[in-house]
Structures are given as C-alpha cells and as structure tokens.
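Contents: one structure, followed by commentary.
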Amino acid sequence: MAHKKGSGSTKNGRDSNSNRLGIKVCGYHFVKSGTIIVRQRGLSVRPGYDVGVGKDYTLFALQSGYVIFEDDKNLKYVSIWPDWWFWTRAKRQQPYKVKRKKDTLRKILHILEEKANTKLEKEFKTMC
C-alpha cells in the first residue's frame, strides 16, 4: 500500500482569453475616421450612415463625426453625423432620436438644401 496519496491529474485549469466584445464608443461622442465603435459577433447592431463593417462584424467610422445610436422597431443602427449636422440638432434640450435610418438621410438632405438656398439668396442680394 502507498504511504503517500498519488497526485492525480485535474480536469480543470484551462480558460480561454476574453474577446473584449461590446460598444467601444458611447453615443454623442466625437470620433475620428477609422475608430472602432462596436465589436460584435453577428450584426446585432447594424451600420448606418458613414459606418463600415469589418469581416468580423466590427463597426467602424468611415468619417469623423459624432456617434449616434438609432433604433427602428427591433433593429439597432449606429451612424456618424458630421460636426455641423450634430450642432444643429444639439440646440434642442433633449437628444434628437431618429426612428428610421431613411428619415435621418432625408433630414440631412433637407438641411443641405436649406443651406444652399440661403447661400443663393445672399449672392442674389449682393448682385442686386
């Protein structure tokens, strides 16, 4: 008989490294182009305006601007709003929440048209 207890092998003792998934930039923060916004498995958060998707479904900024998280029914979107667009919305007291991605693009085009019209009016007044 053995006088010492034999050292048996354990079935524990291993663990994998964490993947560090999740949201890397909060909403209404300014980011530079190329900044990673969300790391995820699958498209639980979908790309919106000026956001690209990597091969591992990482969402990153295609241009500099402010990060805006939007929701449309059951889907979540993240978009990048340019600096001038964000500050036109920041005049309101509550954060501006968009229901659909299409509405965001429509409103951006509407503001661009308004700015173009005001420039044309100023030029016309200076000519007259």
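The values are calculated or read from the model by the stated rules, or taken from the named source; none is laboratory data. Note that the structure is a prediction, hence the values are computed from the model and not measured. Here the Cβ is made from the backbone with ideal geometry for all residues, glycine too, and neighbour counts use every protein chain on show.
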Looking only at region 78-93, decide whether some residue is assigned to a loop (DSSP other than H, G, I, E, B) and modelled with pLDDT of 90 or more.
no
Among (1) in contact with a helix residue (DSSP H, G or I) (Cβ under 7 Å, 6 or more places away or on another chain); (2) farther than 18 Å from D71 by Cα; (3) not hydroxyl-bearing (S, T, Y), where does G48 come up short?
(2)
Pairs, first more than 11 Å from A61 (Cβ to Cβ) and outside any loop (DSSP other than H, G, I, E, B) in region 22-46, second at pLDDT below 95 and of a type in the set (D, E, K, R), C-beta under 6 Å, six or more apart:
V45/K76
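V51 - would you say it is touching a Ser or Thr at 6+ places or on another chain (Cβ under 7 Å), of a type in the set (A, V, I, L, M) and surrounded by 15 or more Cβ atoms within 10 Å (Cβ to Cβ)?
So V51 passes the test.
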